[in-house]
1. Go through segment 186-199 residue by residue and tally those that are surrounded by fewer than 19 Cβ atoms within 10 Å (Cβ to Cβ) and either modelled with pLDDT under 95 or under 18 Å from the mean Cα position of the chain (by Cα) (or both).
2. Filter segment 105-119 down to the residues that are under 15 Å from residue 176 (Cβ atoms) and surrounded by fewer than 22 Cβ atoms within 10 Å (Cβ to Cβ) and list them by number.
3. Could you tell me whether any residue of segment 90-98 is in contact (Cβ under 8 Å) with a residue 40 or more places away in the chain, surrounded by 18 or more Cβ atoms within 10 Å (Cβ to Cβ) and closer than 17 Å to residue 180 by Cα?
4. How many residues, within segment 178-204, are free of Cβ contacts under 8 Å to residues at least 40 places away in the same chain and either farther than 21 Å from residue 113 by Cα or touching a strand residue (DSSP E or B) at 6+ places or on another chain (Cβ under 6 Å) (or both)?
5. Quick one: residue 102 ticks every box in (1) at pLDDT 95 or above; (2) loosely packed, with under 14 Cβ neighbours inside 10 Å except a single one, so which number is it?
6. Which number in (1) outside any helix (DSSP H, G or I); (2) modelled with pLDDT of 75 or more marks the one condition that residue 8 misses?
7. May I ask you to say which residue of 122, 135 is modelled with pLDDT of 95 or more and buried (at least 16 other Cβ atoms within 10 Å of the Cβ)?
8. Looking at (1) part of a strand (DSSP E or B); (2) more than 24 Å from residue 67 (Cβ to Cβ), which one does residue 186 not meet, given that it meets all the others?
């Protein structure tokens, strides 16, 4: 005889409880795997009301002087190597094409992590200011000014950058120096001072 758990062939059907329990365990495993992946991907960052903060110990390191020196040999404008404050660590460097046709040029970029876990990037290019601002803001914006900052007698113009991050720009001898990132006002001023006082690399 078969009870209510038998199928039409007279074979006992699996317990609904066992099936449901197995599904719950599998679902829990998948959920834990997803949570673990999210935690692993975001372990280098933490929430900060004043902007994103990065764990300096988890960020990569690059040789800013070496990277900027190499870039200076490839581009047709003078590149500067700023002497940033002690404790700042360069963690990224790249060059990006900018513009089209005869006006096509390059943006040379280096980013640093401050001891406070903030990120700042310096971009150098002979592109028009508006083009460089839009590039650094990720596109889809207009180069609207939001003020200015006097740094040791030099006037940096402030623009809207990516998200809530500002972009400070100074034009020196036809080259634009642009600073952006999540740093504090003091961080921006420190990098601005280092950038505007640095001597362009002598091309060999």
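1. 1
2. 105, 106
3. no
4. The initial filter retains those residues of segment 178-204 that are free of Cβ contacts under 8 Å to residues at least 40 places away in the same chain, namely 185-186, 202.
So of that shortlist, the ones also either farther than 21 Å from residue 113 by Cα or touching a strand residue (DSSP E or B) at 6+ places or on another chain (Cβ under 6 Å) (or both) come out as 202.
Total meeting the criteria: 1.
5. Single failed check for residue 102: (1).
6. Unmet for residue 8, out of (1) outside any helix (DSSP H, G or I); (2) modelled with pLDDT of 75 or more: (2).
7. Testing whether each residue is modelled with pLDDT of 95 or more and buried (at least 16 other Cβ atoms within 10 Å of the Cβ) leaves just 122.
8. Residue 186 satisfies every listed condition except (1).
The values are calculated or read from the model by the stated rules, or taken from the named source; none is laboratory data. Since the model is a prediction, treat every value here as computed from it, not as a measurement. Quick reminder, even Gly has a Cβ in these numbers, built from the backbone with ideal geometry, and neighbours come from all protein chains shown.
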